[in-house]
Amino acid sequence: MKELFDYINKISPLSAETFTALQTTFQPLELAKGDFFIQSGVCAQQIGFLKSGVVRAFFLNQDGKEYTKQFFVGPCLVGAYSSLLTKQPTKIAQQALTDCVLLVANYKQLEKNYDNYHDLERLGRKIAEKYFLEKEQKEIEMGLLDADKRYIIMKEKFPAIESIVPQYYVASYLGITPTQLSRIRKKLKII
């Protein structure tokens, strides 16, 4: 739980009383490589704190082609946030790309604590703001930057990702083909 406490306090500090109440909400969970945290078409009920490991969020188009939306590298939060908020099935699956260690909480239980612990409610708002800003930044990068620059940004954000995940996931995350990724890596002398 210390990792969770440290992670949360960097976003928005919680009182000891709030964190004690929060601790009872989280339970340990381990995912083996290939296991899903959530599958597409399911209504999300849990949010997770990824202590260690890598999870990929992805969706399929109507032709069955996969698009990698995001990589989650522990420590961080995971979960189908849109589904949690709308109570609708998610279109974005989240799958472990490595063995993962998590702490998971029922989102409804977490929300019930908002009325009693205003610092927890503030944390929820800060997390939503953080994810909004990250999403907007990625949209700007995809729309305004060339693939070389997006690749460099990805390397800064996820320095070890290429040694962990298949190259076609990286290419998909960048919105390019694996062939284009190979050319970029060769041009930047990263082979």
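The values are calculated or read from the model by the stated rules, or taken from the named source; none is laboratory data. Because the structure is a prediction, the values reported are computed rather than measured. Cβ placement follows ideal geometry from the backbone for every residue including glycine, while neighbour counts extend to all protein chains displayed. Only protein heavy atoms, including side chains, enter the accessible area calculation; ligands, DNA and RNA are left aside. Shrake-Rupley method; radii C 1.70, N 1.55, O 1.52, S 1.80 Å.
Across the range 94-109, what is the total count of residues that are over 10 Å from the mean Cα position of the chain (by Cα) and within 25 Å of residue 129 (Cβ to Cβ)?
So the answer is 8.
So, in the range 1-26, how many residues would count as being exposed (fewer than 11 other Cβ atoms within 10 Å of the Cβ) and closer than 18 Å to residue 101 by Cα?
Residues flagged as exposed (fewer than 11 other Cβ atoms within 10 Å of the Cβ) and closer than 18 Å to residue 101 by Cα within the range 1-26 amount to 3.
Looking only at the range 92-113, decide whether some residue is over 22 Å from residue 27 (Cβ atoms) and open to solvent by 80 Å² or more (accessible area, probe 1.4 Å).
Within the range 92-113, the first condition is being over 22 Å from residue 27 (Cβ atoms), and the residues that meet it are 92, 97.
Remaining after also requiring open to solvent by 80 Å² or more (accessible area, probe 1.4 Å): none.
Within the range 92-113, none of the residues are over 22 Å from residue 27 (Cβ atoms) and open to solvent by 80 Å² or more (accessible area, probe 1.4 Å).
Any idea how many residues of the range 31-53 are more than 16 Å from the chain's Cα centre (by Cα) and part of a strand (DSSP E or B)?
Total meeting the criteria: 1.
Mind counting the residues in the range 27-82 that are out of contact with any Ser or Thr (no Cβ under 8 Å at 6 or more places or on another chain), open to solvent by 30 Å² or more (accessible area, probe 1.4 Å) and either on the phi > 0 side of the Ramachandran plot or basic (Lys, Arg) (or both)?
5
So, in the range 114-124, of the ones that are without any contact (Cβ under 8 Å) to a residue 40 or more places away in the chain and of a type outside the set (Asp, Glu), which residue ends up surrounded by the fewest Cβ atoms within 10 Å (Cβ to Cβ)? Break it down stepwise before answering.
Taking the range 114-124 and keeping what is without any contact (Cβ under 8 Å) to a residue 40 or more places away in the chain, we get 114-115, 118, 121, 124.
Keeping just the survivors that are of a type outside the set (Asp, Glu) gives 114, 118, 124.
Values: 114: 15, 118: 11, 124: 16.
Among those that are without any contact (Cβ under 8 Å) to a residue 40 or more places away in the chain and of a type outside the set (Asp, Glu), it is 118.
Only residues that are of a type in the set (A, V, I, L, M) and either assigned to a helix (DSSP H, G or I) or open to solvent by 70 Å² or more (accessible area, probe 1.4 Å) (or both): list them for the range 128-163, please. First the steps, then the outcome.
From the range 128-163, those of a type in the set (A, V, I, L, M) are 128, 133, 140, 142, 144-145, 147, 152-154, 160-161; that's our starting set.
Across the range 128-163, the qualifying residues are 128, 133, 140, 142, 144, 147, 152, 153, 154, 161.
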